[in-house]
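The values are calculated or read from the model by the stated rules, or taken from the named source; none is laboratory data. For clarity, every value in this text was computed on a predicted model and none was experimentally measured. When we count neighbours, we look across all protein chains shown, and the Cβ atoms used for this are built from the backbone with ideal geometry, even at glycine. Surface areas here come from the heavy atoms of the whole protein model, side chains and all, with no ligands, DNA or RNA. Shrake-Rupley method; radii C 1.70, N 1.55, O 1.52, S 1.80 Å.
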Number of protein chains: 2
Amino acid sequence: MTEPTESKPFAQSFDSLETLAETINEVLGCPVTIEDAGHRLLAYSAHDPQTDSARLATIVGRRVPENVIASLRRDGVIQRLADSLEPIRVPPIDEVGFSGRLAIAIRHKDAVLGYLWLLESGKTLGGRELELFKQAARAAADKMVRLQSAPRKIREGLRDFMWMLLHGQFGSEAAIRDKAEQIGLALPAEWHVVVVQAAGAIDEREEQRLLDRVAASRSVRTVLHAVDRAQAILLCAPLLAETDRRIYAREAAAFFRRLCRGEEDGFRATVGGSAFGQQYAETASRHREALTVLRMKRTYPRETETVFHYSDLGYYRFLPAIAAQIGGERFPDEALARLRAYDREHDANLLSTLETFLASDSNAKTAAEALHVHANTLSYRLKRIAEIGGIDLADMDQKVSLYLVLKAERWTGG
Amino acid sequence: MTEPTESKPFAQSFDSLETLAETINEVLGCPVTIEDAGHRLLAYSAHDPQTDSARLATIVGRRVPENVIASLRRDGVIQRLADSLEPIRVPPIDEVGFSGRLAIAIRHKDAVLGYLWLLESGKTLGGRELELFKQAARAAADKMVRLQSAPRKIREGLRDFMWMLLHGQFGSEAAIRDKAEQIGLALPAEWHVVVVQAAGAIDEREEQRLLDRVAASRSVRTVLHAVDRAQAILLCAPLLAETDRRIYAREAAAFFRRLCRGEEDGFRATVGGSAFGQQYAETASRHREALTVLRMKRTYPRETETVFHYSDLGYYRFLPAIAAQIGGERFPDEALARLRAYDREHDANLLSTLETFLASDSNAKTAAEALHVHANTLSYRLKRIAEIGGIDLADMDQKVSLYLVLKAERWTGG
DNA sequence: GGTGACTTTGTGCAATTTCACAAAGCACCC
DNA sequence: GGGTGCTTTGTGAAATTGCACAAAGTCACC
């Protein structure tokens, strides 16, 4: 009494790879994992009573751990899977917490699209079940091909949409909302632009890896994205719409900071985020903000170390305008000019002393340490600075004026 | 053997009042002074061996000293001069160093245009000489009438020129130089624009009084001037071209500050000066700078008390740009927003405390005094400010950011 | 090679600032 | 009317800072 659905459970079309994974799990009674060719997790059956640590790590990291892949490769498992059309029984590898699997390559026209793994918990599957397993792999291949081709068009539509937003090519906010609805994109109420600056040009694979990493953050969602040479431009929003903006901001900053430091899979980059926006018509402005953050981080690396969002920049965000204004002025700052002249003529360093002193919040001790000089040396220099520059170092207005000009000069590239 | 020129030495036309003064001196052998109706010095004979202190003071100050005028008026001398067509012998007034004169009013159609003074050094003039003196007064009247009408046209030309400069109506610097040459105006190499803001509209008489006061400064020269309702716009330069710019800047600032305080003849005004310029094509920019100084003085009266030149403004000159940028931003400063909310809800004054503290150069003692609170009160409030606002009050960058936003808010008019 | 101006470092005292703690005032709520 | 939390003021000890002075090093100039 084997009904057709019983005998051919994988002849149907599946909603998603997750549904397929669950179906396999139901039919064969084992935990299932579906990976792509790069061992990235595509889907897995949930609610499995037993799961070894390798599988757990794969699910948590959304990728098979590096050491597991290395072991499998060393043992020739990956090679055999690539060569064979049949399921292969992979023995346990205890060192990496891998308890043995039944595995098969997911193929389409000779190409390996991915892998289907089955954790035979206790039992051993027989001939008919192996046949079902092969059918499942074929179903996975079908689904993956369809997923790949359908989203490609959607993805291109999204990319175009992103570029249009970035170039401000929509007449109005309403036009943007219409277009989004048309391509079936739900626009979050609040979002920000994040620009990831890599060392070299970003290709599609690297872009995908970046997106995967962001997805793995479990807090940041990439709504739209585009790549411009070495920069990936992401329009991000909280994964959960109900997340408080401040909490999300902190999480996002923390995540991208980890990403920059290369803590996420060795990827090294510089990241700048815009302020938060509600109006999508302002995407170009937000993009510019993110780029400004990046440039700030290049110009003032030490000072902006902890900065991620544009709004974290504080007064630094005024420096471009200030530098522009100073550029248009004919008169140099008298005090700084005198100090500079003195430095030049006497090979001194009053200017850098002043800057460090100001940056140290006028704390003589801290500044002396930062300069690696004796406190009295600093005190002496400050006296000279006050004399030569005609500066009152106990006057906030004078200090702010000097500080801003010094900072702005660095922005200009003096 | 009296030749015509000997018998009628004042029948000729004189180049200037100075030439006339020298001629009178030659003919009558006495020091001569020519004044206008307001007792301003118009011309005097130079190289006089003896001169009393009243005359000396008149020449130096280019005006008869106030106390001398007062004495003469009290003694009825001015009145008698106004009434009489004949020369009057004025007795000495020792208290004011006035050693006695022969004097006559310079008249034209019943109006007194000025006065001609002769210091009879030792001798006493006889009938024929008195007649010559009367003729000299008539010659002076002729010259003054002609001088008055001729300069009126020139003056109008200068005024037009000034307005054209202020409105940037010249195509090039060369065009400006050409025009200046054409109207016979020597343009100083370095100059600045000064705007004097009076309480009410400035009429011609007040303008003239202002110009006289500037002339009396003995350091500032008004090259060009114009009036726009309550504002007099002066294009000023050092009286002596060789004066060092810095010294001149100090003198000009000191003079205009005195003027503002009403120390010069009770005239009360606000004054703003531009930075120094060399290019006359930039007059409009310089004018804008002077106006900016004026507005700054209105917005930040305490902070800009000692400011006169635009370049004295320090970072204040960046505030318009900063305020504009903040105005375009959607995100408020989080820390300040929280402090403001706390102030509102608890009727506290953390924000003003913060501002005073920052303005006091983070000096707790000074700030406490400025706020009229106990030092510990301030210390407590600062702790709360740090907590509530999430501010590190020992971080220069944070402090500058807060300070600038607070200042910019005042510029915007918050 | 000496001289003098400028700079750096070291030392120690006096003054000031900072901070913890206590007490008291005040508004608000139950 | 009393409790509670926030705020202000007062006190004194501890820590820090400011400053004068001395000594020594550096460099240019004669």
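Here are the numbers for this structure:
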| read-out | value |
| --- | --- |
| Per-region count, the range A:350-376, residues more than 10 Å from every other protein chain (Cβ to nearest Cβ), open to solvent by less than 30 Å² (accessible area, probe 1.4 Å) and away from DNA strand C (no atom under 11 Å from the Cβ) | 3 |
| A:Arg381 vs. criteria more than 14 Å from chain B (Cβ to nearest Cβ) and more than 16 Å from DNA strand D (Cβ to nearest atom) | no |
| Filter pass, B:Arg330 being within 11 Å of another protein chain (Cβ to nearest Cβ) and more than 16 Å from DNA strand D (Cβ to nearest atom) | yes |
| Qualifying residue in the range B:26-49 (condition: open to solvent by 30 Å² or more (accessible area, probe 1.4 Å) and among the polar types (S, T, N, Q)) | no |
| Long-range neighbours under 6 Å by Cβ, at least six apart or interchain, first residue over 27 Å from A:Gln148 (Cβ atoms) within the range A:31-53, second open to solvent by 10 Å² or more (accessible area, probe 1.4 Å) and part of a loop (DSSP other than H, G, I, E, B) | A:Gln50/A:Ser121; A:Asp52/A:Gly97; A:Asp52/A:Ser99; A:Ser53/A:Gly97 |
| Lone unmet requirement of (1) without any contact (Cβ under 8 Å) to a residue 60 or more places away in the chain; (2) facing chain A (nearest Cβ under 10 Å) for B:Thr292 | (2) |
| Which numbered condition B:Thr304 fails, given (1) among the β-branched types (Val, Ile, Thr); (2) away from DNA strand D (no atom under 12 Å from the Cβ); (3) in a loop (DSSP other than H, G, I, E, B); (4) more than 23 Å from A:Ala408 (Cβ to Cβ) | (4) |
| Boolean, A:Thr299 is assigned by TED's automatic domain parsing to the domain that holds A:Ala253, out of contact with any Lys or Arg (no Cβ under 8 Å at 6 or more places or on another chain) and farther than 21 Å from B:Asp333 by Cβ | no |
| Flag for B:Lys399 being basic (Lys, Arg) and within 11 Å of another protein chain (Cβ to nearest Cβ) | yes |
| Criterion (assigned to a helix (DSSP H, G or I) and touching a strand residue (DSSP E or B) at 6+ places or on another chain (Cβ under 8 Å)) met by exactly one of A:Ala70, A:Ala43, A:Ala54 | A:Ala54 |
| Considering residues of the range A:384-413 that are touching a residue at least 24 places away in the same chain (Cβ under 8 Å), within 16 Å of DNA strand D (Cβ to nearest atom) and farther than 19 Å from B:Ser360 by Cβ only, the residue most open to solvent (accessible area, probe 1.4 Å) | A:Arg384 |
| Condition check for A:Asp347: at pLDDT below 90, outside the structural domain of A:Leu291 (by TED's automatic domain parsing) and at positive phi | yes |
| Among residues of the range A:155-169, those that are open to solvent by less than 100 Å² (accessible area, probe 1.4 Å) and free of Cβ contacts under 8 Å to residues at least 60 places away in the same chain, counted | 3 |
| Matching option when the condition is assigned to a helix (DSSP H, G or I), away from DNA strand C (no atom under 14 Å from the Cβ) and not basic (Lys, Arg), among B:Ser379, B:Ser401 | B:Ser401 |
| Test: residue in the range B:339-349 that is within 13 Å of another protein chain (Cβ to nearest Cβ) and open to solvent by 20 Å² or more (accessible area, probe 1.4 Å) | no |
| Any hit, the range B:252-273, residues being within 14 Å of chain A (Cβ to nearest Cβ) and modelled with pLDDT of 95 or more | yes |
| Of residues in the range B:7-25 being among the acidic types (Asp, Glu) and within 26 Å of B:Gly122 (Cβ to Cβ), the one least open to solvent (accessible area, probe 1.4 Å) | B:Glu22 |
| Qualifying residues in the range A:308-327 (those that are crowded, with 21+ Cβ neighbours inside 10 Å and under 22 Å from A:Trp191 (Cβ atoms)) - the one nearest to the other protein chains (Cβ to nearest Cβ) | A:Ser311 |
| Condition met for B:Asp361 (without any contact (Cβ under 8 Å) to a residue 40 or more places away in the chain, touching a Lys or Arg at 6+ places or on another chain (Cβ under 9 Å) and either within 12 Å of DNA strand D (Cβ to nearest atom) or not in a helix (DSSP H, G or I) (or both)) | yes |
